[in-house]
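Any read-out appearing in this document is the output of simple, stated calculations on the displayed coordinates, not a laboratory observation. What you see is a predicted model, and the numbers here were worked out from it, not measured in a lab. All Cβ positions, even for glycine, are placed from backbone atoms using ideal geometry, and neighbour counts span all protein chains on display.
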Amino acid sequence: MLLDVCVVGEINPDLILYGVPEQLKPEEESLIDGFRLTLGSSSAIFAHNLAVLGTRVGMVSKIGADSLGKMAFDWLADAGVDLTRVRVASSGPATGLSVILAQPAHRFILTSPGTMFEFSYADLDLDYIFSSRHLHLSSYFLHRALRPRIADLFREAKAKGLSTSLDTNDDPEGKWESDLLDVLPFVDIFFPNEREVKKIAGIEDLQQAIERLAQLCQLVVVKLGVRGAVARKGSEEWRRPGMRVASVDPVGAGDSFDAGFIHRFLQGGSPQECLEYADVAGAFSTTCEGGTEAFKDRSRVAAFFREHIA
Ligand SMILES: Nc1ncnc2c1ncn2[C@@H]1O[C@H](COP(=O)(O)OP(=O)(O)OP(=O)(O)O)[C@@H](O)[C@H]1O
Ligand SMILES: [Mg+2]
């Protein structure tokens, strides 16, 4: 299969618990409103939704030889993602899992990284990756084994003529170490959210943080939740106000946004067009549970984009 995008990253399910009481009492049984077991992990949600939008996507990853890994694999296969380079680890840790506790005001995300911590440069089929047009990587700080070689991977991808994008997501250790700055010169589109852009730049002022990171990579695209997003290249800036939709949960909105952006980018869209497409994809993902449930209904996807893209 000729690939447009190769995603190097993690595959695991999300277990989302809805209506979790604000106060959990030790040793007592607490009742919740319901749950959804669905495809999780930034890389996999991005790959799934990008494939549904019509881009040819392949993933390079490692899962465990267990039912959670098989479930996540099957969900991705249903979306048409090429999974021929996903390795199944015969020993060692199992597939990871994130448990998301959704409370009215907050969400708590508890992640067991599983195979993600073992996934390393030796697991990558470089010929396969470099046969695609575009490389995307998510969850920078969670890729413990791969992280020391991510700068090499991006440098090689650029040398081979690929375009590249990166979404670090959160740093669970809260360190935001500067090795990331060695990767950014090889990143065409960098996708932090508001909190992440400030942490990475080490600057509390949002605008100054964006301007700083725009000096380090080609294009910085900052996700602002319900307030939409802003893109910056050098001293040029584009903005997109957020859309109003009936949201069920925000899980995976950022990854769906990234998918929308890259889909339009590879069609040759301008930064403003990419931002618009990304915002619609991010908003759409919040209309159903988890990061990919909305994207499973292709006719709903088409109708939503028809309605909201000018
Ligand atoms: N409630 C919402 N209503 C409308 N649009 C939304 C909503 N939440 C998110 N979006 C859209 O999705 C984009 C990405 O969401 P968000 O800012 O939450 O990203 P993120 O923090 O990276 O998310 P993630 O938790 O997936 O990593 C926003 O910039 C916006 O375009
Ligand atoms: Mg994010």
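Share of Cα-Cα pairs in the chain beyond 32 Å, in percent?
21 percent
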**Request:** State the extension gain, in nm to one decimal, for the chain segment bounded by Ser30 and Asp66, taking 0.36 nm per residue of separation less the distance between their alpha-carbons.
**Result:** 10.1 nm
**Prompt:** What is the distance in Å between the Cα centres of region 210-274 and region 14-42?
**Reply:** 30 Å
**Item:** Sites Leu181 and Leu126 - FRET efficiency at Förster radius 22 Å, r taken between beta-carbons, to 0.05
**Value:** 0.40
**Prompt:** What are the extents of the Cα atoms of region 1-74 along their three principal axes, listed from largest to smallest and rounded to whole Å?
**Reply:** 54, 28, 17
**Item:** Computed E for Arg195/Gln23 - FRET, C-beta separation, R0 22 angstrom, nearest 0.05
**Value:** 0.30
**Fraction of beta bridges assigned by DSSP in the chain that are antiparallel (%, nearest 5)** = 45 percent
**Complete:** Placing each pseudo-label 7 Å from Cα in the direction of the beta carbon, Ile309 and Leu206 end up separated by a distance in nanometres of 2.7 nm
**Using distinct alpha-carbon pairs, which all enter the 1/r mean, Kirkwood radius of region 150-283 in Å** = 15.0 Å
**Asked** Rounded to the nearest 0.05, what FRET efficiency is calculated for Arg87 and Leu110 with R0 set to 25 Å and r the Cβ-Cβ distance?
**Response** 0.50
**Request:** Return the distance in nm (one decimal) between the two label points of a simple spin-label model at Arg155 and Val245, each offset 7 Å from Cα along Cα→Cβ.
**Result:** 3.9 nm
